[in-house]
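Quick notes on the structure that follows.
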Amino acid sequence: MSAEQPAFGLSLDPRALTDLLQAPGDIRDLTLAYLQEVVNAQRFGKRLDGDLEGYRKLFVDARRDWRVVYGIRPAPEGSAHPREVHVVAIRPRADNDVYDEVGRRLGMTRRPLSARTHAARSRSPQLTARSPAPRPGPQPTALPGPSRLAQTSAHPHTR
């Protein structure tokens, strides 16, 4: 059997290593197995967007409660690989905890937002252009011609 040469190096933010050590045993084992597949270019996490564009997430467990957030970046000088997988956080997804923590670890001063959230919060260009509001049409009672009351009283019923 020949040993497979990894496609990427691997580095972990020291706080991500703490995350890994504090995770339940089954999560630790799955995370390490998945990271080995990422390093060997056999698995790729889903791309993140918005403020975390350029990073990826791995779903660790079957219930998708735990996430690994990582980026691929140039490896340090002298590394055996030109690029490395850099793990930023390994945390539960509950209440977007993992993404909030990634934002803090990356030095973001506010909560990271997804592209969908950016779109929902942005103001439509149609709303910013000021044009005169269309005037409503005339009321039905203001239309020319005799009113209904006038029509009915002009022809009285005879007995």
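The values are calculated or read from the model by the stated rules, or taken from the named source; none is laboratory data. These figures come from a predicted structure and were not determined experimentally. Here the Cβ positions follow ideal geometry from the backbone for every residue, glycine too, while neighbour counts run over all protein chains shown. The protein model used for the area step is the full one, side chains on, heavy atoms only, and it has no ligands, DNA or RNA in it. Shrake-Rupley method; radii C 1.70, N 1.55, O 1.52, S 1.80 Å.
Stretching Arg28 away from Phe44 to a fully extended chain increases their span by 3.9 nm, per 0.36 nm per residue minus the current alpha-carbon distance. If you sort Tyr55, Tyr70, Tyr99 by accessible surface, 1.4 Å probe, largest first, the order is Tyr55, Tyr99, Tyr70. Suppose we look only past 23 Å in the calculated P(r) of the stretch 9-120. What percent of the Cα-Cα pairs does that tail hold? It works out to 26 percent of all Cα pairs. A 1.4 Å probe run over the protein chains yields, for the stretch 9-120, 58 Å² of accessible area per residue, whole-number rounding.
Simple rule: put +1 on each Lys or Arg Cβ and -1 on each Asp or Glu Cβ in the stretch 9-120, find the dipole, and look at Gly50, Pro14, Ala33; the Cα lying farthest toward the positive end is Gly50.
Computed in the context of the full set of protein chains, the accessible area of the stretch 9-120 at 1.4 Å probe radius has 48% of its extent on carbon or sulfur.
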